[in-house]
Amino acid sequence: MRIRGPMSFAAVLAGLSLAGLALAPFAALAVEEESRGAHPPVDQTAACLACHDGLEDALRAPVAHPPAREGECTSCHNPHVSRFDGLLKERPGPLCAACHEEIASELARPHVHAPAAEGRCVDCHEPHGGALRGLLVRPGRDLCSTCHEETRSWMERPVRHAPFAQGRCATCHERHGADHPRLARAPAGELCASCHKVDRAFRDAHRGYPVERTDCAQCHDPHSSDRPGLFRASLHAPFAEGECTACHALPGSAEPFRTRVAVEELCATCHEEQAAASRDLPFPHVPPGSPGCTACHNPHTAGGAALLREPQPGVCLACHDPGGSSSGRPGRHQTHSGLECTTCHAPHGAERPTLLVAGGVDLCATCHDPQHSVSHPMGETHRDPRNGTPMSCLSCHGIHDAPHPKYLMRSGDRDLCLACHSNLAGGTR
């Protein structure tokens, strides 16, 4: 049957019935529908709760999501079919942003909270109703600690910053997106000065230096500490002794934070061995365009050994895989079996490229017995046919990551061997 021009649904069904198709029940339904006009109003809450009775408590909660409170279930859900879980009309992020337009500007900021960036709104918010303001699934710090597990150990320290101790993370951090690293609401000095009055007592405690212009977290842990004043665990000796002028100009000078000499020269006055490695070895570790030693080390205090600005992998990845692990994605360089980077790489300078502390098989053998040496030829007298270099562990294994178990660059079942022994593919020797 060929249809010309507009026809009603009932007329189409009637025509199909004449063609021998048993569609009378549908035709009758269509005629009835046309006769009564538009659908009658539906009590969406009652209709949905007929099956989804587990939502009753959420709908009775003190804080309700407006569409749920007003019985507009179809604002978010398609009642028949959807490409998205929960019969949502759209992916959760765009769906929520359709009403919460103010969030769009927050997500456009340089630093975005991972759940918000990935549209995982329900990780933090109840979709129908809850007991807490903002439909949060848990109170402040308890909610943050579900992802930021390290905060639980911070609570065990004896000295705690008041906002953190009280679970008021949002006092210092934005929830969705921020203009400053770590979702800070403002630059460190400005943020701290919003609560800590910069008066004479404040200046006396800081030896007269105008520290309100700087990053307070260089010296103080913003969450908790084992030390009074929220000082971090490791203190640089001049700082611990209050000898600021050992490194800096006088506090009343035009540039009070200027170091007395260039940073590398200043650090070398005490740390000559490390300075010599960076200065004299064939492969020095001096990040291009960086401020030298302070690219990796905090000159005042730090949470761990060697005054590193953060745990070792984070320090290294900041230059060697920017935007990798810090953004939540795995990145290109994974730490080998959980080892620290300095297990294999010299931190200041080395005799070998990529700052390796030893060469070839010798480096791997410090942890792994050279079990392949008895069965697979290795060394200068055996060359990789693909590139002509001496056979070594790296001929088959990656260092940081690889697509196959045991850091193999190809499948160990067959493909790995055939990469060099292509004559075996035909069954010949």
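The values are calculated or read from the model by the stated rules, or taken from the named source; none is laboratory data. All of these numbers come straight from a predicted model, not from anything done at the bench. Glycine also receives a Cβ, built like all others from the backbone with ideal geometry; neighbour counts cover every protein chain displayed. When the accessible area is computed, the model is the full protein with side chains, heavy atoms only, and any ligands, DNA or RNA have been set aside. Shrake-Rupley method; radii C 1.70, N 1.55, O 1.52, S 1.80 Å.
A few comments on the model shown:
- Charge context of Thr45, other residues only, Cβ under 13 angstrom, K/R +1, D/E -1: -3
- In the stretch 170-264, trypsin sites (Lys or Arg not before Pro) in a DSSP loop with at most 16 other beta-carbon atoms within 10 Å: Arg185, Lys197, Arg207, Arg258, Arg260
- A cut-off under 13 angstrom between Cβ atoms defines the neighbours of Gly177, and their net charge, with Lys, Arg +1 and Asp, Glu -1, is -1.
- Taking 0.36 nm per residue of separation and subtracting the Cα-Cα distance, full extension of the segment from Ser375 to Val81 would add 99.9 nm.
- Under-5 Å amide H pairs with Ser224, H placed in peptide plane, nonlocal only: His161
- Added length on full extension, which subtracts the Cα-Cα distance from 0.36 nm per residue, Arg352 to His400: 15.5 nm
- The stretch 138-258, relative contact order [Cα under 8 Å, separation at least 6], %: 24
- Taking amide H as placed 1.01 Å from N in the peptide plane, Asp401 has its amide H under 5 Å from the amide H of Gln334, each at least 5 places away in sequence or on another chain.
- Taking the accessible area of the stretch 235-299, probe 1.4 Å, and keeping the other protein chains in place, the carbon and sulfur fraction comes to 61%.
- In a fully extended conformation the segment linking Ala104 and Ala205 would gain 32.1 nm over its present Cα-Cα distance, using 0.36 nm per residue.
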